[in-house]
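Structure record follows, encoded as structure tokens.
The values are calculated or read from the model by the stated rules, or taken from the named source; none is laboratory data. The structure presented is a predicted model; accordingly, all values stated were derived computationally and were not measured. No Cβ is skipped: glycine too gets one built from the backbone with ideal geometry, and neighbour counts run over all protein chains shown. Ligands, DNA and RNA are stripped out before the accessible areas are found, and what is left, the full protein with its side chains, is counted by its heavy atoms. Shrake-Rupley method; radii C 1.70, N 1.55, O 1.52, S 1.80 Å.
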Amino acid sequence: MSRDAAVDERREMLKAIADAATAVIYVKDLEGRYILINRRFEELFHISNDEAQAKTDHDVFPKAIADRFRANDLSVQRERVAVEFEERVPHDDGEHIYISIKFPLVRRSGEVYAVCGISTDITARKRAETELAATKASLERLVDERTADLRQANERLTAEVAERVAAVERLQRLIDT
């Protein structure tokens, strides 16, 4: 197999892996232009890999979101390390929350030439966490209310026992007399 054929085969294999992933995977050059997007990206944001070529986040997403994505990408370029971000992205069914791992792609010379991102939708997990927190708060309120009720009942019982002890003592004095 020739070197070019081997390189093409590796490229095809990497594209197949990226396309099979459930995460959104993308590569952007240093100016923020898409070099590659995977099938999941295409499905969610209604743009093909060919259409995305040389487009930026500002061509695909609303300005405020695109600005945040760009700021995150620039941070990765500056720091030259992988960074984790929580990013909010509009979908057809509303906003989704992603945990995005973005990292620089570096040539052998040490020069950063692109930023790669792998973003996993954590919307369902975030909703579950919110529901769990609400349930926990509700249960804590119930426990506090029940504890207050039990405290009041205990105070009433303590008073009643004290009354009965006093009555027994009075009765005993009467008997003794």
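In this view, the solvent-accessible surface of His46, computed with a 1.4 Å probe and all protein chains in place, comes to about 120 Å². Set against the labelled values (1) 1.06; (2) 2.04; (3) 1.25, Cα Rg over 2.2 N^0.38 Å computed from this structure falls on (2).
Taking each residue as 0.36 nm, the span from Asp19 to Arg68 lengthens on full extension beyond its C-alpha to C-alpha distance by 15.1 nm.
Here's the picture: charge each Lys and Arg Cβ at +1 and each Asp and Glu Cβ at -1 in the range 1-155, and of Val143, Ala16, Tyr113 the one pushed furthest to the positive end of that dipole is Tyr113. With every protein chain in place and a 1.4 angstrom probe, the accessible-area ranking of Ile97, Ile118, Ile175, largest first, reads Ile175, Ile118, Ile97.
Of the accessible area of the range 1-155, computed with a 1.4 Å probe over protein heavy atoms only, carbon and sulfur atoms account for 53 percent.
Place +1 on the Cβ of every Lys and Arg and -1 on the Cβ of every Asp and Glu in the chain, take the dipole about the Cα centre, and give the residue among Gln53, Thr123, Gly32 whose Cα lies farthest towards its positive end. Going by the Cα projections, it comes out as Gly32. Solvent-accessible surface (1.4 Å probe) assigned to Asp93 amounts to roughly 120 Å². Here the extension length gained between Thr177 and Lys55 equals 33.4 nm, from 0.36 nm per residue of separation less the Cα-Cα distance. Restricting the trypsin sites (Lys or Arg not before Pro) of the range 33-68 to loop positions (DSSP other than H, G, I, E, B) with no more than 13 neighbouring Cβ atoms within 10 Å leaves nothing.
In this Cβ point-charge picture (+1 for Lys and Arg, -1 for Asp and Glu), the range 46-177 has a dipole of about 400 debye about its Cα centre.
Checking the Cα-Cα distances for Lys15/Lys63; Lys102/Lys136; Lys28/Lys102 against a 22 Å cut-off, the pairs over it are Lys15/Lys63; Lys102/Lys136.
On full extension, the segment bounded by Arg127 and Ala162 gains 7.4 nm, given 0.36 nm per residue less the C-alpha separation.
The simple Förster model, with R0 at 30 Å and r as the Cβ-Cβ distance, assigns Arg33 and Glu95 a FRET efficiency of 0.75.
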